[in-house]
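Asker: Pasting a structure here, questions to come.
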Amino acid sequence: MLVGIQSKDSSRDIGDKINNAEQLYILTHGVRKKSMREEMQKNIDAGMKYSAAHSLYIQSHGSPLWQIPPRPVLEPAIEDSKEPIAKQLKMSYKAALDGNKQEMENCLQKAGMIGENAAKGWFENPANKWPPNSPKTIKKKGSDSPMIDKGKMREAITHVIREE
């Protein structure tokens, strides 16, 4: 079971050169300090590969770390909901051992939906303990809700069940 933003659902529809998946990665991990960005740029210029998210954001915006604090979503939301997810996964294993493929798939879907809903709800969950938006961001966005503008990133979060 995977919870996150699938590439087909990651468009931002606002003219950005960065998609929702890349934006969520940046907001989760923050932007690197200027000295780190300068060293990364030397490595990029020398041919070293960095993720498209880091490269595009650093080249386009160059904001220092203290302007965009990390605001992780997926990992802490799943951690916060690990008990109900684990319950469904346990039930899916039991169904698999009993040879009940349909029940196994139902339990996996329920576990995925719990994870998906936890991640979507994390944007407004007080347990996220995200730092508030800066006054500059509030003025620009017209909102003091961190990471919530039009809700497109949140809507793009989904889950998939893969057979491996």
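Laboratory data are not the source of any read-out in this text; all were calculated from the coordinates shown. Only a predicted model underlies this, so the values are computations on that prediction, with no experimental measurement involved. Counting neighbours? That spans all protein chains shown, and the Cβs are built from the backbone with ideal geometry, glycine included.
Asker: Order of 138-145, 104-111, 86-93 by packing, highest average Cβ count within 10 Å first?
Answerer: 104-111, 86-93, 138-145
Asker: Counting C-alpha atoms alone, how compact is segment 72-160: give Rg to one decimal and Dmax as a whole number, in angstrom.
Answerer: Final numbers for Rg and Dmax: 16.9, 57 Å.
Asker: So, one more: Applying the Karplus parametrisation 6.51 cos²θ - 1.76 cosθ + 1.60 with θ = phi - 60° to the phi angles of segment 143-157, what ³J(HN,Hα) value in whole Hz is obtained for each residue in order, glycine and proline being reported as x?
Answerer: Per-residue couplings from phi come out as 8, 9, 8, x, 6, 10, 10, 9, x, 5, 5, 4, 4, 6, 5 Hz.
Asker: Also, quick follow-up: Give me ILE114, ILE44 sorted ascending by neighbouring Cβ count inside 10 Å, so fewest comes first.
Answerer: ILE44, ILE114
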